[in-house]
Amino acid sequence: MHKIEIPQINGKDLSESRLRFSRVAQALLGLIGVVVIVGALTTPYMAAATLAYGLMSIGLLNRKTTIVHARLMGSAIALDLGIVLTLELQRHAINTALSFSLTPMQQAHIAMSSIATLLYFPVVFLGWQRFRGKLSASGMRWHIRLGISAYAFRTLGFILMFALLEQKIH
């Protein structure tokens, strides 16, 4: 019998790495399908927000592979911030939010999404420190706590986002 030698990188065999990548690739392909459907049924902004939320969800599930986690989360956060900036520049979103002319569900969407957006900054800073190997165990705990909080607020904001369709329908 021949023993099959499996190549290793950093002490981990490549078969595990390939399997993890395959799962990420499958999740990304599924996400693209969902984004296309949401985009066809709603607005381009909601499609982009769905893509950002999906990338964030996949990134959250891939915490063990640091580089995949960092790339997915960084992409999701950059896309989310880009949507906020675009909405502000094109629709003066801050003035609309502060005018309180929206329904309570729409205002709740803005509140939850705003909190998530504010939490992104310390999460990214701590994540970058972790990626560079300069984060203490305490800092890592804060990264996780703030990250989970940002994701929870982002989840609520994502669900409440569909209340904005009411404005489009009427």
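The values are calculated or read from the model by the stated rules, or taken from the named source; none is laboratory data. Owing to the predicted nature of the structure, the values given are computational and were not obtained by experimental measurement. Here Cβ is always computed from backbone atoms with ideal geometry, including for glycine, and neighbour counts include all displayed protein chains.
What are the residue pairs meeting all of these: first residue in the range 56-77, first residue under 16 Å from Ile148 (Cβ atoms), second residue outside any helix (DSSP H, G or I) and among the polar types (S, T, N, Q), Cβ atoms under 8 Å, and 6 or more apart or on different chains?
Short answer, once both residue conditions are applied: His69/Asn62; Leu72/Asn62.
Tell me the residue from Ser113, Ser149 that is hydroxyl-bearing (Ser, Thr, Tyr) and in contact with a Gly (Cβ under 6 Å, 6 or more places away or on another chain), please.
Going through Ser113, Ser149 in turn, the sole match is Ser113.
Return the only residue of Phe131, Phe121 being modelled with pLDDT of 95 or more and within 24 Å of Leu51 (Cβ to Cβ).
Answer to the check: Phe121.
So is Arg71 farther than 30 Å from Glu166 by Cα and assigned to a helix (DSSP H, G or I) or not?
Taking the combined requirement at face value, the residue satisfies it.
Going residue by residue through the range 50-57, is there one that turns out to be modelled with pLDDT under 95 and touching a Ser or Thr at 6+ places or on another chain (Cβ under 6 Å)?
No, that holds for no residue.
Given the criteria in contact with a Leu (Cβ under 9 Å, 6 or more places away or on another chain), among the aliphatic types (A, V, I, L, M) and at pLDDT below 95, does Ala93 qualify?
Criteria met by Ala93.
Say whether the condition of being assigned to a helix (DSSP H, G or I), of a type in the set (Asp, Glu) and more than 26 Å from Leu28 (Cα to Cα) is met by at least one residue in the range 74-86.
no
Within the range 121-139, can you find the residues that are farther than 29 Å from Met46 by Cβ, in a helix (DSSP H, G or I), aliphatic (A, V, I, L, M) and touching a helix residue (DSSP H, G or I) at 6+ places or on another chain (Cβ under 6 Å)?
Leu126
Being out of contact with any strand residue (DSSP E or B) (no Cβ under 7 Å at 6 or more places or on another chain) and in contact (Cβ under 8 Å) with a residue 24 or more places away in the chain is the requirement here; does Ile83 meet it?
In short, yes.
Hey, could you check the range 26-49 for residues that are in a helix (DSSP H, G or I) and in contact (Cβ under 8 Å) with a residue 60 or more places away in the chain and say which is surrounded by the fewest Cβ atoms within 10 Å (Cβ to Cβ)?
That would be Met46.
Only one of (1) closer than 17 Å to Leu79 by Cα; (2) surrounded by fewer than 18 Cβ atoms within 10 Å (Cβ to Cβ) fails for Gly147. Which number is that?
Gly147 satisfies all of (1) closer than 17 Å to Leu79 by Cα; (2) surrounded by fewer than 18 Cβ atoms within 10 Å (Cβ to Cβ) except (2).
Among the residues of the range 95-110, count how many are part of a helix (DSSP H, G or I) and either surrounded by 17 or more Cβ atoms within 10 Å (Cβ to Cβ) or without any contact (Cβ under 8 Å) to a residue 40 or more places away in the chain (or both).
So the answer is 9.
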